[in-house]
Amino acid sequence: MTFTAQLAVVCGALAGLGITLVVQFLFPSHPDLGDALARLRTQTVATGPDITQYGLQDRVGLAVQRRFGALPGFRVPARDLNILRIPTYTWLGEKALLFVVGLAFPPVLTLVMALFGLTLPIYLPAGGSLLLGGLFFAVPSLTVKERAARAREEFARAVAAFIELVAMERLSGTGTAQSLESAAAIGGTWALERIREELLRARLSGTTPWEGLSELSEELGVPELDDLASIMRLAGEEGAQVYEALRARGRSLRTQLLAAEHAKANAASESMVVPVAMLAFVFVFILAVPAGIRILG
């Protein structure tokens with residue numbers, strides 16, 4: 001086998017590996033329902049996670065977490081991952097795979113160009129690998145931060161509605177804990193589902209529901225939920241009448257959310273000024289060029 005053929009085989013293998021990783025990332029496999037239910041029915045005690053049941057991304061993330069999870073200066077966005085319900089090892093696996101793809105792409109491209117007689121200095125693919133690897137490594141952090149911000153906005157809107165429901169339950173004479181559980185059982189959104197789960201966990205563990213809501217607020221980074229927990233703590237521990245406090249907090253939260261929406265709308269409107277001005281300039285230029293050519297001619 002000639003050197004050119006060997007080089008083509010190596011390039012094809014690296015390109016196939018990169019395509020496989022990208023396809024694995026874009027189209028993750030779903031576990032079989034029967035196997036998942038069989039694992040749930042199994043009563044054996046496991047000493048650790050069975051990595052054979054995970055996909056490639058999760059297996060890589062578990063390996064990275066075991067070896068490099070405690071690196072100094074490397075911060076895991078726990079709150080963002082918690083509100084999105086993304087395991088830490090899944091996030092780490094995504095970062096590691098994208099980092100490998102970024103590192104491998106410039107050398108593969110350089111080898112493909114070499115097959116056509118185009119050569120590049122060694123520092124270009126080396127620098128490109130480091131640059132693309134760093135950029136790809138940062139992509140999951142940026143996407144998780146953006147998705148978590150949107151999720152917190154949605155959660156805050158759900159909390160505003162939840163406060164009103166709790167206030168109506170309290171007005172009808174329902175107890176403190178029961179009013180929280182009854183109000184959470186009304187809605188079907190994912191935010192109220194998280195609240196229901198936390199209230200159930202607090203009831204089963206013997207803690208008060210407002211303590212559970214406060215812990216959930218700290219876990220997800222949603223301060224609006226902690227405000228509700230503080231108000232209900234007054235009702236549960238001191239027997240205070242909190243209907244008016246709940247209505248006032250609900251109105252304040254709705255006003256705050258409305259102001260945030262107006263600020264976003266104003267920012268979007270201002271961002272359209274430059275494109276519209278450029279479009280007007282191009283239109284004027286198109287009209288002025290023919291007239292200028294006739295005058296000069």
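Nothing in this text is a laboratory measurement; each read-out follows from the coordinates by a stated rule. All values reported here derive from a predicted model rather than from experimental measurement. Please note: Cβ atoms are built from the backbone with ideal geometry, for glycine as well, and neighbour counts cover all protein chains shown.
Of PHE162, PHE136, how do they rank once you tally other Cβ atoms within 10 Å and put the fewest first? Don't skip to the end; give the middle numbers.
Numbers: PHE162 25, PHE136 19.
Ascending number of Cβ neighbours within 10 Å: PHE136, PHE162.
Need one number: nm distance between label points at LEU204 and PHE116, each 7 Å from Cα along Cα→Cβ, rounded to one decimal.
It works out to 6.0 nm between the two label points.
For a quick check of your reading of the filter: which chymotrypsin sites (Phe, Trp or Tyr not before Pro) in the stretch 61-122 sit in a DSSP loop and have no more than 11 other Cβ atoms within 10 Å?
Hits after loop and neighbour filter: PHE74, PHE116.
Please list, in order along the stretch 182-187, the HN-Hα scalar couplings obtained from phi with the Karplus expression 6.51 cos²θ - 1.76 cosθ + 1.60 (θ = phi - 60°), rounded to whole Hz, x for Gly and Pro.
Here the 3J(HN,Hα) series is 5, 5, 5, 6, 6, x Hz.
From the backbone phi of the stretch 132-137, what are the Karplus-calculated ³J(HN,Hα) couplings (6.51 cos²θ - 1.76 cosθ + 1.60, θ = phi - 60°) in whole Hz, Gly and Pro given as x?
Once rounded to whole Hz, the list reads 5, x, x, 5, 5, 5.
With θ set to phi - 60°, apply the Karplus curve 6.51 cos²θ - 1.76 cosθ + 1.60 along the stretch 202-212 and write out the HN-Hα couplings as whole Hz, x wherever there is a Gly or Pro.
5, 5, 6, 8, x, 9, 6, x, 5, 5, x
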